[in-house]
Amino acid sequence: MGLLTGKKALIFGIANDKSIAYGIARNLKQHGAELGLSYAGSVLEKRVKPIADDLGVKFCEECDLTDDAAIETLFGKVKKDFGQFDILVHSVAFAPKEALAGRYIETARDAFLTTMNISVYTLIAVAKHAEPLMKENSSIITMTYYGGEKVVQNYNVMGVAKSALDSTVRYLAVDLGASKSIRVNAISAGPVKTLAASGVSGFRSILSVIGESAPLRRPIDIDDCGGAAVYLASDLAKNVTGEVLHVDSGFNIVGLFGVGNKAE
Ligand code: NAD
């Protein structure tokens, strides 16, 4: 018996086989979960459908999460195909490329609103639609990043969105914990080369720093996020909610290190 045998998982955010959501999906599957996928739009179809076939999913439906009517339609299909379910993975974010370089102060209103809408509000929207369909003691998981806790050069508006996302996790944890004992947690991943990450200016340098200065001196991969998601989705984490679980080789715990021992 797998840790997730008998559980059903709805996963948002697979764009291709590099996506963190794909790493999560295949790990949930390996531990026995039945999967349903939703992807952003028709341009992704030719990449996502083969992945869905490979994973043997129950359904794979398009849904632009900025479109309330599309969300409504999607959850109608989820209700039909899944009925009640146990796990929701939100691995969705977007910011216009020009907002991910240079000075944060230059962020345009449109770029700010788009980023917050797609990277934060979509979690609230899917949680609200999912609540009536999720079982007692089920689990919602989203993806965040250290740039929401501390300044990371060029991460800019996405850092501000991740702060808001972390806070949203805590507010949703209170709402959904009280109503149905649904848990809401975030995984804070170290840098991984994906479509979304390639939009951040200087991403290659961010990636190399973690290999040099994180306690474990190595980068993480999408299966590391998958392992953390299996834990958060399983009954092993039955009393864990409102948390941000760092999967970053320990990078976030270090303040200042490497100055040597000599008093000068
Ligand atoms: P990705 O590009 O593979 O995934 C981002 C997903 O968001 C894509 O599937 C995209 O289609 C989806 N999306 C964007 N707009 C959407 C919309 N309107 N409706 C529905 N879906 C939409 O990149 P990723 O790195 O796997 O990103 C997944 C999550 O992980 C994001 O929240 C990202 O911020 C977070 N994260 C990534 C890293 C990293 O280094 N890659 C680190 C920490 C956190």
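The values are calculated or read from the model by the stated rules, or taken from the named source; none is laboratory data. In this text the structure is predicted, and so the values were computed from the model without any measurement. Heads up, the Cβs are rebuilt from the backbone with ideal geometry, glycines too, and the neighbour counts pull from every protein chain shown. Side chains included, ligands, DNA and RNA excluded: accessible areas come from the protein's heavy atoms. Shrake-Rupley method; radii C 1.70, N 1.55, O 1.52, S 1.80 Å.
For the chain, what does -39500 (n - 2.57) per DSSP helix run (n ≥ 4), summed and divided by total residues, give at 222 nm, in deg cm²/dmol to the nearest 500?
Mean residue ellipticity at 222 nm (helix-derived): -12000 deg cm²/dmol.
Probe radius 1.4 Å, ligands and nucleic acids ignored: give me the carbon and sulfur share of the accessible area of the stretch 37-153 as a rounded percent.
52
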Residue-wise HN-Hα coupling along the stretch 169-177, computed from phi with Karplus coefficients 6.51, -1.76, 1.60 (Hz; x: Gly, Pro): 4, 5, 5, 5, 4, 6, 4, 7, x
Angle between the chain longest axis and helix 203-213 axis [Cα atoms, degrees, rounded to 10]: 70
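Between Glu72 and Glu98, what is 0.36 nm times their sequence separation minus the Cα-Cα distance? Round to one decimal in nm.
6.2 nm
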As computed over the chain, the Cα convex hull volume per residue (Å³): 140
The chain: relative contact order in percent, alpha carbon pairs under 8 Å with at least 6 residues between: 20
Shape category assigned to the stretch 9-120 from the gyration tensor of Cα positions, a/c cut at 1.5: prolate
Amide H within-cut-off set for Met134, under 5 Å, with H built and near neighbours excluded: Phe85
In order through the stretch 159-168: 3J(HN,Hα) via Karplus (6.51 cos²θ - 1.76 cosθ + 1.60), integer Hz, x for Gly, Pro: x, 5, 5, 5, 4, 5, 5, 4, 5, 4
Percentage relative contact order, the stretch 169-264, counting C-alpha pairs under 8 Å, at least six apart: 39
Degrees between helix 20-30 axis and first principal axis of the chain (Cα, 0 to 90, nearest 10): 50
Proximal charge balance of Asn16 [Cβ under 12 Å; K/R count +1, D/E count -1]: +3
Relative contact order %, the stretch 29-178, counting alpha carbon pairs below 8 Å whose residues are six or more apart: 22
Extension reserve of the Asp54-Ser163 stretch, reckoned as 0.36 nm per residue once the Cα distance is removed: 35.8 nm
Nearest 10 degrees, 0 to 90: helix 45-55 Cα axis against the chain principal axis: 70
Distant-in-sequence amide H partners of Cys60 (H built 1.01 Å from N, under 5 Å): Leu37
